Amino acid sequence: CESANIQYDFWTKFREKLLDTKRIPKLQEAKPRYWFDIAIGRSNIHISNFCNTWDKYVGVRLYIRNSVVDTYYPKLMARKTEIEKALHLPLTWDANPAAKDKTIAIQTSIDFNDKNSMDEALKWMVETTLKFYDVFTKEVKAI
């Protein structure tokens, strides 16, 4: 399917650019799917990058699984102002209130058919992922 090919291509380029920074010690292999996860040192909470080819956007989110949401989400929410200030980004907190898993996310639109748009989105994704990694790794370990 074309969508899977686009995602695989996007994640392959994203992974290479992230590896080039040498800032995140271990990265999964690129796969043709919606997400690309990055561990931050705790179980059931991680960075989950996403690539939506249908609605044409990509994004970065902290993904908190239901099993640990009561531990982490309220404490992170209590530090919302400090976290957003450290990231220099306005975040969407709990985009899907009906879900048991919680997310803290940001996204940007992309035209997958335009090389410049793809390059800009990749640059944004790498920069944003590194900010999330630095800030949320520290925040989560402090809980």
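The values are calculated or read from the model by the stated rules, or taken from the named source; none is laboratory data. Keep in mind that what you see is a predicted model, and the values were worked out from it rather than measured. Because the Cβ atoms are built from the backbone with ideal geometry, glycine has one as well, and the counts that use them run over all protein chains shown. Just so you know, the surface numbers come from the protein's heavy atoms only, side chains and all, with ligands and any DNA or RNA stripped out. Shrake-Rupley method; radii C 1.70, N 1.55, O 1.52, S 1.80 Å.
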(request) Of all residues in the range 90-135, count the ones that are within 10 Å of the chain's Cα centre (by Cα), in a helix (DSSP H, G or I) and among the hydrophobic types (A, V, I, L, M, F, W, C). (result) 4
(request) Return the total of residues in the range 56-87 being more than 11 Å from ILE104 (Cβ to Cβ), in contact (Cβ under 8 Å) with a residue 12 or more places away in the chain, in a helix (DSSP H, G or I) and open to solvent by 50 Å² or more (accessible area, probe 1.4 Å). (result) 5
(request) Take the range 1-44 and flag every residue that is closer than 19 Å to VAL140 by Cα and not hydrophobic (A, V, I, L, M, F, W, C). (result) ARG23, PRO25, LYS26, ASP37, GLY41, ARG42, SER43, ASN44
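Of the residues in the range 8-23, how many are of a type outside the set (D, E, K, R) and either at pLDDT below 95 or over 15 Å from the mean Cα position of the chain (by Cα) (or both)? Full working, then the answer.
Going residue by residue through the range 8-23, those that are of a type outside the set (D, E, K, R) are 8, 10-12, 14, 18-19, 21.
Still in the running and either at pLDDT below 95 or over 15 Å from the mean Cα position of the chain (by Cα) (or both): 8, 12, 19, 21.
Number of matching residues: 4.
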(message) Can you find, within the range 35-54, the residue that is least open to solvent (accessible area, probe 1.4 Å) among those that are modelled with pLDDT of 95 or more and assigned to a loop (DSSP other than H, G, I, E, B)?
(response) ASN44
(request) All but one of (1) among the acidic types (Asp, Glu); (2) within 16 Å of the chain's Cα centre (by Cα); (3) open to solvent by less than 80 Å² (accessible area, probe 1.4 Å) hold for GLU29, so report the exception by its number. (result) (3)
(request) Give the number of residues within the range 106-143 that are without any contact (Cβ under 8 Å) to a residue 12 or more places away in the chain and of a type outside the set (D, E, K, R). (result) 4
(message) Name the single residue that is most open to solvent (accessible area, probe 1.4 Å) among those in the range 88-133 being of a type in the set (Asp, Glu) and under 20 Å from ILE38 (Cα atoms).
(response) GLU127
